[in-house]
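Data block below; observations after.
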Amino acid sequence: MMNCMQLSKQNRRKYILDMTSAQLKTAVKSIIGQDYRINQIIEWVYVKRAISFEYFTNLPKELREQLSERFFLRILKTVKKEKSVIDGTTRYTFQTADKKYFFAVFLPAKDKNSVCISSQIGCPVMCAFCSSGKVKFTRNLSRGEIIEQILQIENDTKEKVSGVLFMGMGEPMLNFNNITSVLDSLLSNKEFGIGKRHITVSSVGIVPLIKRLADGNSGIRLAISIHAVDEKQRKKLIPNNFGFSIKDILNAGKYYLKKTNSRLTIEYVLIKGINNSAADAHKLARLLKQHNLLNPDVQVNLIPFNPITDAQFQTPHQESIQKFKNILKLNGITVNIRQAKGTDINAACGQLGH
Ligand code: SF4
């Protein structure tokens, strides 16, 4: 049993991943004077992905003990891990210290391993085709909780992650400060060192925050979820769209491209009988033309609906998916049909909620 002194020390411990490197430096100033020691700590945390302070072997034992008295290095518990027999995609269920649950997905590939990570617990946007939207929004994930998803997956798979998709549970833009702090860590060569073209933040279209991200000019890729070609149709699919029109969202996408010279993806979930007609495809092409988004840096990602519990929707037939794609292609649009990964373990797009 812990005595009072131990308990009060335990309560004062901070989560190291919640701090930027600069904040960490300030936090350890009283016990560490030399910069090279701070750099060693940062290297153990982010580059060597150490799971405990005991592994920081180039630091004196006394210093390691002081660090573990002051900080937590990991706080998430992996409560479930499911691996797809189809493609090796692995879905992780994490539990936070306050006993909330959320998900992340490991997407292995020959050339590049990626992770799809969550930014919130539940999602306030409540898209009708997404099971994350059916989980009541509780809170934003902290900077550390977002980063730890990547570190834990790397520890578990013993694989290096070189691509990060902010497409898990939650709307990343609504957790803007933490997301941008995580982006700094991912891009920093002293921390994750992941190339900007291998990081994608997805958004349902929170216009002012897309512009803020553009002004920060980190150069990462942006994916905006349009999913519909008129406002009525979109409101049905995205009930809480924060009042931004398709026009405003596409203009924000254009602004992002102009400011960052990066790439823009337009996400469009294809649902049978709802938004997958030839007329819808032509209208989408027209919308992109009207907003000057017909250029090689813009790609449309078609996402055939992935089944979820309690949804009335159906996946369109292959033929109609191809037809939709061909119409866009004939209009000069770069278009890709997203291959669903991990469908046997509910790890595909829109399935991270149960
Ligand atoms: S698709 Fe994205 S924004 Fe919509 S409910 Fe799911 S997680 Fe939220």
* **Any hit, segment 208-219, residues being within 16 Å of the ligand (Cβ to nearest atom), out of contact with any helix residue (DSSP H, G or I) (no Cβ under 9 Å at 6 or more places or on another chain) and closer than 28 Å to Ala311 by Cβ** => no
* Asked: Among the residues of segment 275-292, is any of a type outside the set (Gly, Ala, Ser), more than 19 Å from Met167 (Cα to Cα), buried (at least 17 other Cβ atoms within 10 Å of the Cβ) and within 16 Å of the ligand (Cβ to nearest atom)?
  -> yes
* Please name all residue pairs, on different chains or six or more residues apart, with Cβ atoms under 6 Å, provided the first residue is in segment 199-210 and is more than 20 Å from Met126 (Cβ to Cβ) and the second residue is more than 13 Å from the ligand (Cβ to nearest atom) and in a strand (DSSP E or B). => Ile199/Val164; Thr200/Arg221
* Asked: For Pro304, all conditions in the list (1) crowded, with 19+ Cβ neighbours inside 10 Å; (2) touching a residue at least 60 places away in the same chain (Cβ under 8 Å) hold save one; what is the number of the exception?
  -> (2)
* To do: Could you pull out the residue among Leu270, Leu257 that is within 23 Å of Thr180 (Cβ to Cβ) and modelled with pLDDT of 95 or more?
  => Leu257
* **Any pair with Cβ under 6 angstrom, 6 or more apart, that starts in segment 163-174 at a residue that is in contact (Cβ under 8 Å) with a residue 60 or more places away in the chain and in the same structural domain as Ser203 (by TED's automatic domain parsing) and ends at one that is assigned to a loop (DSSP other than H, G, I, E, B) and more than 10 Å from the ligand (Cβ to nearest atom)** => Gly168/Ile117
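Could you check, for segment 170-180, whether at least one of its residues is acidic (Asp, Glu), within 16 Å of the ligand (Cβ to nearest atom) and either at pLDDT 95 or above or crowded, with 21+ Cβ neighbours inside 10 Å (or both)?
Yes, there is a match, as at least one residue in segment 170-180 is acidic (Asp, Glu), within 16 Å of the ligand (Cβ to nearest atom) and either at pLDDT 95 or above or crowded, with 21+ Cβ neighbours inside 10 Å (or both).
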* Scan of segment 134-189 for residues that are under 21 Å from Ile266 (Cα atoms) and of a type in the set (Phe, Trp, Tyr), ordered by number -> Phe166, Phe176
* **Every pair of residues 6+ apart whose Cβ atoms lie under 6 Å, when the first sits in segment 325-344 and is outside any strand (DSSP E or B) while the second is surrounded by 14 or more Cβ atoms within 10 Å (Cβ to Cβ) and of a type in the set (Ser, Thr, Tyr)** => Lys341/Thr89; Gly342/Ser84; Gly342/Thr89; Asp344/Ser84
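Could we say that Lys323 is in the same structural domain as Phe103 (by TED's automatic domain parsing), of a type in the set (D, E, K, R) and farther than 24 Å from Ala128 by Cβ here?
Numbers: in the same structural domain as Phe103 (by TED's automatic domain parsing): yes; of a type in the set (D, E, K, R): yes; farther than 24 Å from Ala128 by Cβ: no.
Judged against the criteria, Lys323 is not a match.
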* Looking only at segment 114-158, which residues are modelled with pLDDT under 95 and either charged (D, E, K, R) or more than 16 Å from the ligand (Cβ to nearest atom) (or both)? -> Lys134, Lys136
* Considering every residue within segment 309-324, establish whether at least one is within 15 Å of the ligand (Cβ to nearest atom), in contact with a Leu (Cβ under 8 Å, 6 or more places away or on another chain) and not β-branched (Val, Ile, Thr). => no
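So, of the residues in segment 328-354 that are closer than 12 Å to Tyr268 by Cβ and modelled with pLDDT of 85 or more, which turns out to be nearest to the ligand (Cβ to nearest atom)? Before the answer, list the steps.
First, pick out the residues of segment 328-354 that are closer than 12 Å to Tyr268 by Cβ: 328, 333, 335-338, 349.
Adding the requirement that they be modelled with pLDDT of 85 or more leaves 328, 333, 335-338.
Numbers: Leu328: 21, Ile333: 22, Val335: 20, Asn336: 18, Ile337: 18, Arg338: 13 Å.
Step by step, filter segment 328-354, then rank; the result is Arg338.
Could you please let me know if Phe106 is within 16 Å of the ligand (Cβ to nearest atom) and either small (Gly, Ala, Ser) or crowded, with 20+ Cβ neighbours inside 10 Å (or both)? Quick ask: steps written out before the conclusion?
Working: within 16 Å of the ligand (Cβ to nearest atom): no; either small (Gly, Ala, Ser) or crowded, with 20+ Cβ neighbours inside 10 Å (or both): yes.
So Phe106 fails the test.
The values are calculated or read from the model by the stated rules, or taken from the named source; none is laboratory data. Every value quoted in this text rests on a predicted model; they were computed, and no experiment measured them. Using ideal geometry, Cβ is built from the backbone for each residue, glycine included, and neighbour counts are taken over all protein chains shown.
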